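The next block holds one structure in the form of structure tokens; read it before the comments.
A short reminder: the numbers here are calculations on the coordinates, not readings from a lab. Source: prediction; values computed, not measured. Positions of Cβ are backbone-derived with ideal geometry, glycine not excepted, and every protein chain shown enters the neighbour counts.
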Amino acid sequence: MKSRWQQIFRQVYLRILTRQVPHAILSWRYFIPNQSMMVNRHKRVLFNAWTKLPRSVWWLIALYSYSVWYLFNSWRQIARVWKNRSLELYHHNGISRVKQLMHLTVLAIGHTIPPHFYYLYRLYDYKENQWLDFIYTHELPHWHQMMSPNISMRSQHLMSDKVDFAHAMTAVGLPLITTLYARSKGEKITEQQLFNQKSMFLKPIHGSQKKGALALIYRAQSDCYDLTGDGAEHLGNVDSNNHRSGIVNFIQQKINQEAYLFQPLLKNDTELSTIFSCKELITVRLITALNNENTLQAISAVLEIPNDGRYNQVHNLAIEITAGRLIKPSDDFDTELLAKYRLGSELKIPNWQHVVDISINAHKSFLDIYAIGWDLTITAAGIKLIEGNINWGIVAHQVNTPLIIK
């Protein structure tokens, strides 16, 4: 009983008491009739948050959260963001710092939206009545819950367990990355399982956003191994003649914390490798959703390029969903990225329609979920489905335009 109350207190402490932003948008537009679909959805997110708690607790959370926001946190964030970003925008776009300050105040006080989104989503290019066309990260968990209120236990399990997910998707004929073996939490790993003259990719079975991902790379010419990824940079190359306990111990520490999946380390499609100087596996994050006619459609996609061997840190390039072409980043987003990846002309993602078809066919097994973020990779061996995500991130899909799910 004590541990249960400790867990509850920890959740309250982390998700409410120390939280710097409200859990949902509270906008003045809620009090005006005949608002748009997106405004009404934001309103539903607010009033349908914390559904597992009594309504009296919802009121206490809201009273505390919005009081702290209006009295303290909003003003501090406005001042900090305005100080750090306003001068650059003034020089780049000619928007006066006074006007920016007014916009930030309306955004934070009138809509309880953290002011950094003014620059992240380039809201200065939109009218105020369009600001709620965007979805914001501080409301995202409750947004997903509101849009998919009746997710089955089966769907929740398969979306969180990569092994069972792979079995289920393989059973319906979808191409998955082969699993070499899995190790449950605390299970021992041996040198014989790791050092077999093959490269492998390791990831947590119940993880997300590539956190904890590692690559054990075998270099045949020198007969040595290199472990890269989450915190492994200090290990360096390990010669086959030397003691390999450092790599074994490091991976064992990871497995002692959570269960891990071991897969072959795949190579990028030749066309992608030619354009992007990236040895790590490039992935596509594609969102499918049920529309008003209750049919599935692909609504947004980005290409995720690992940043210098860090699998959970990526550069995102937007993909035009119909033709599968990369959308050139805006000038203020990225001159450096364009130079690094030599994107002088538009690149069409190889076999794009197949990528879309695989994602839609996968979603057919989860019709109780309104929208799913699919991770796929385009390899030399073809397109492979990696996993699906219920609580998929939103920012990368809205850098160019709001993501409106009809």
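A compact table of results
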{"item": "Neighbour-count order for Phe31, Phe201, Phe47, fewest beta carbons within 10 angstrom listed first", "result": "Phe31, Phe47, Phe201"}
{"item": "Cα Rg over Rh - the chain, Kirkwood", "result": "0.98"}
{"item": "Order of Lys406, Lys162, Lys328 under a 10 Å beta carbon neighbour criterion, fewest first", "result": "Lys406, Lys328, Lys162"}
{"item": "Built amide H within the under 5 Å cut-off of Ile405, gap 5+", "result": "none"}
{"item": "Ordering of 388-395, 188-195, 153-160 by burial proxy (mean other Cβ atoms within 10 Å per residue, highest first)", "result": "388-395, 153-160, 188-195"}
{"item": "Furthest towards positive pole of dipole, Ala371, Leu107, Tyr136, structure part the chain, Cβ charges", "result": "Leu107"}
{"item": "Segment Asn84-Phe47, extension gain: residue separation times 0.36 nm, minus the distance between their alpha carbons", "result": "10.0 nm"}
{"item": "Inter-label distance for Asn291 and His92, nm, one decimal - labels placed 7 Å from Cα along Cα-to-Cβ", "result": "3.4 nm"}
{"item": "Amide H contacts under 5 Å for Thr283, placed H, 5+ residues apart", "result": "Glu304"}
{"item": "Whole-Hz couplings from phi, Karplus 6.51/-1.76/1.60, listed for the range 285-299; x for Gly and Pro", "result": "9, 10, 9, 10, 8, 7, 8, 4, 8, 6, 10, 8, 8, 7, 10"}
{"item": "Inter-label distance for Phe31 and Lys406, nm, one decimal - labels placed 7 Å from Cα along Cα-to-Cβ", "result": "3.3 nm"}
{"item": "Which of Glu280, Glu128 has the fewest Cβ neighbours within 10 Å, and the rest in rising order", "result": "Glu128, Glu280"}
{"item": "Residues in the range 142-162 reached by a label modelled at Glu258 [backbone nitrogen below 12 Å; 7 Å Cα→Cβ]", "result": "160-162"}
